[in-house]
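Asks: Got a structure for you, written out below as structure tokens; questions coming shortly.
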Amino acid sequence: MTYEELWQRLLSVYDAGEAKAVVRYVLDIRFGLTLADVLCGKVTQLSSDNQAELGKIMKRLEKGEPVQYVLGKADFCGRTLCVAPGVLIPRPETAELCCWIAEEKRPSAILDIGTGSGCIAVTLALDMPQSQVTAWDISDAALHIASCNAEQTGAHVVFVKQDVLQVEAAQPMWDVIVSNPPYICLGERHDMERNVLDFEPHLALFVPDEDPLLFYRAIACYAANALNPGGRLYFELNPLHAVHARALVSSLGFRNVEMRDDQFGKLRFLKAIKI
């Protein structure tokens with residue numbers, strides 16, 4: 001198969017630009033072919049075993065399976081993390097949230113709620129090495145993947161199985177609480193891409209239409225008790241409910257509530273300070 005034949009097989013899933021990028025990513029990550037190699041036609045020179053493996057990969061991609069799941073890897077904040085269908089694929093927006101948190105250079109006791117792949121917890125542990133990072137998730141599969149990512153990157157993170165909807169009140173113990181919780185209402189499904197809706201875990205994506213702030217409320221209420229004075233609460237937001245999330249944290253006594261757009265111009269992040 002030539003490069004052109006490969007990317008054209010994905011046109012039922014992606015537009016031409018995305019299809020080309022996905023195929024180039026596969027050829028680079030799995031087979032070590034540079035863009036120059038691809039343009040010089042070296043795809044057709046792969047061994048028979050590699051050609052067979054490439055064929056299997058293409059069949060999965062044609063079904064809409066995200067390339068990160070197919071390869072078991074995702075790029076995040078300049079590092080390569082393991083991913084699998086049990087966790088969300090790390091997004092560039094979440095990397096922006098990590099950068100915002102890491103602007104504070106002081107050592108902190110950090111809690112990442114709903115860690116998934118561990119992308120936030122691992123990144124903060126590596127970029128803020130004097131901090132103590134703990135990460136919660138309700139999913140055993142997610143905790144396994146996150147633990148693997150911490151081990152392979154050398155990040156020191158304590159992982160705990162915990163449902164934030166069932167957490168007990170706590171004495172102040174954290175300087176930072178951060179979460180990218182489930183925030184997509186079920187009614188928004190018709191606007192979602194097939195490769196997200198069909199393959200990424202619904203447990204990490206969706207909230208009931210009648211309660212879009214379900215996890216924000218639970219986390220903010222916990223943070224109001226569990227953050228040290230001056231502690232910071234960070235959220236990744238659903239832009240459709242960002243204003244309501246701000247009102248929520250303000251009603252719980254947080255101050256200096258700040259919101260930021262993501263790189264795509266959507267109101268995506270919130271930071272609030274505990275009095």
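The values are calculated or read from the model by the stated rules, or taken from the named source; none is laboratory data. These numbers come from a predicted model, not from an experiment. Every residue, glycine among them, receives a Cβ derived from its backbone with ideal geometry; neighbour counts consider all protein chains shown.
Asks: Give the residue that is surrounded by the most Cβ atoms within 10 Å (Cβ to Cβ), with candidates limited to residues of the stretch 197-242 that are modelled with pLDDT of 90 or more and touching a His at 6+ places or on another chain (Cβ under 9 Å).
Replies: Looking at residues that are modelled with pLDDT of 90 or more and touching a His at 6+ places or on another chain (Cβ under 9 Å), I get Tyr216.
Asks: Here is a list: Gly78, Gly17, Gly41. Which entry is more than 22 Å from the chain's Cα centre (by Cα), outside the structural domain of Ala218 (by TED's automatic domain parsing) and at positive phi?
Replies: Of the residues listed, the single one that is more than 22 Å from the chain's Cα centre (by Cα), outside the structural domain of Ala218 (by TED's automatic domain parsing) and at positive phi is Gly41.
Asks: Here is a check on your reading of the model: is Leu81 at pLDDT 95 or above and over 27 Å from Gly118 (Cβ atoms)?
Replies: Taking the combined requirement at face value, the residue does not satisfy it.
Asks: Scan the stretch 109-138 for residues that are more than 18 Å from Leu81 (Cβ to Cβ), of a type in the set (A, V, I, L, M) and outside any strand (DSSP E or B) and jot them down.
Replies: Ile138
Asks: Residues Leu81, Leu111, Leu126, Leu46: which one is within 26 Å of Leu267 (Cα to Cα) and not acidic (Asp, Glu)? Let's see the steps before the verdict.
Replies: Working: Leu81 fails: within 26 Å of Leu267 (Cα to Cα); Leu126 fails: within 26 Å of Leu267 (Cα to Cα); Leu46 fails: within 26 Å of Leu267 (Cα to Cα).
Testing whether each residue is within 26 Å of Leu267 (Cα to Cα) and not acidic (Asp, Glu) leaves just Leu111.
Asks: Look at the stretch 91-112 and say how many of its residues are touching a strand residue (DSSP E or B) at 6+ places or on another chain (Cβ under 7 Å) and closer than 17 Å to His156 by Cβ.
Replies: Residues meeting the conditions: 6.
Asks: On to the next question. Looking for something farther than 29 Å from Gly32 by Cα, in contact with a strand residue (DSSP E or B) (Cβ under 9 Å, 6 or more places away or on another chain), surrounded by fewer than 24 Cβ atoms within 10 Å (Cβ to Cβ) and modelled with pLDDT under 95 - is there at least one such residue anywhere in the stretch 118-135?
Replies: Checked the stretch 118-135: no residue is farther than 29 Å from Gly32 by Cα, in contact with a strand residue (DSSP E or B) (Cβ under 9 Å, 6 or more places away or on another chain), surrounded by fewer than 24 Cβ atoms within 10 Å (Cβ to Cβ) and modelled with pLDDT under 95.
Asks: Here is a follow-up. Residues that are touching an Asp or Glu at 6+ places or on another chain (Cβ under 7 Å) and within 20 Å of Met173 (Cβ to Cβ): which strands (runs of 3 or more DSSP E) entirely in the stretch 206-275 hold 2 or more of them?
Replies: Those strands (runs of 3 or more DSSP E) span 227-236.
Asks: Now a separate question. Please work out which residue is farthest from the chain's Cα centre (by Cα), limiting yourself to the stretch 152-182 and to residues that are of a type in the set (Gly, Ala, Ser) and closer than 18 Å to Cys98 by Cα.
Replies: Step one: list which residues in the stretch 152-182 are of a type in the set (Gly, Ala, Ser), which gives 154-155, 169-170, 179.
Pick out the ones that are also closer than 18 Å to Cys98 by Cα and you get 154-155, 179.
On the way: Gly154: 19, Ala155: 17, Ser179: 10 Å.
Within the stretch 152-182, the match that is farthest from the chain's Cα centre (by Cα) is Gly154.
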